[in-house]
Amino acid sequence: MRTVIERTQGMKVAEIFEVLIQSGAEIKLEREKLRIKTPKGRLSSEILNQMDQFKPELVELLEKEVKWRVETMRSQIKPLEPVPLLIVKKNSEKGGLCISCGIPLPLRTQFRCWFCSLASRKILSEIR
Ligand SMILES: [Zn+2]
């Protein structure tokens, strides 16, 4: 059986992103720029090539996914009130799904997806 990490041909941008997440890649927002740090030796050169090739699309996807979450979360913050648990949709408390937006999580140790964590980190850094 082929693993997800080996599946490169004809991959969509969203799939490349998923492979990155599953490999343990770190995704950060630094001064409005997205940075992807890939773990050494965990990704095939094919995947790394695809990542380079589709970098603008990957960044675009991430920015798009993070942007609407940031806007939704920002609207939940009231001045002089404690920051609530930032979630972008209701009724997504099932195991294996992001508690915030409800998309499936690649890692069991997470409770929020990367998009939602990036968005909430951005919000928290704004109000600090
Ligand atoms: Zn989420």
(request) Quickly run through region 42-89 and pick out the residues that are modelled with pLDDT of 90 or more and loosely packed, with under 15 Cβ neighbours inside 10 Å. (result) LYS67, TRP68, GLU71, ARG74, SER75, GLN76
(request) Mind listing whichever residues of region 39-80 are touching a Leu at 6+ places or on another chain (Cβ under 7 Å) and not in a helix (DSSP H, G or I)? (result) GLN76
(request) Give the residue that is modelled with the lowest pLDDT, with candidates limited to residues of region 92-124 that are surrounded by fewer than 18 Cβ atoms within 10 Å (Cβ to Cβ), more than 13 Å from the ligand (Cβ to nearest atom) and of a type outside the set (D, E, K, R). (result) THR109
(request) Looking only at region 45-57, decide whether some residue is touching a strand residue (DSSP E or B) at 6+ places or on another chain (Cβ under 9 Å) and of a type outside the set (A, V, I, L, M). (result) yes
(request) Determine which single condition LEU86 fails, assuming it passes every other condition in (1) without any contact (Cβ under 8 Å) to a residue 40 or more places away in the chain; (2) in a helix (DSSP H, G or I); (3) within 16 Å of the ligand (Cβ to nearest atom). (result) (2)
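The values are calculated or read from the model by the stated rules, or taken from the named source; none is laboratory data. Since we're looking at a predicted model, the values are computed, not measured. In this analysis, Cβ positions are derived from the backbone assuming ideal geometry, glycine residues included, and neighbour counts consider all displayed protein chains.
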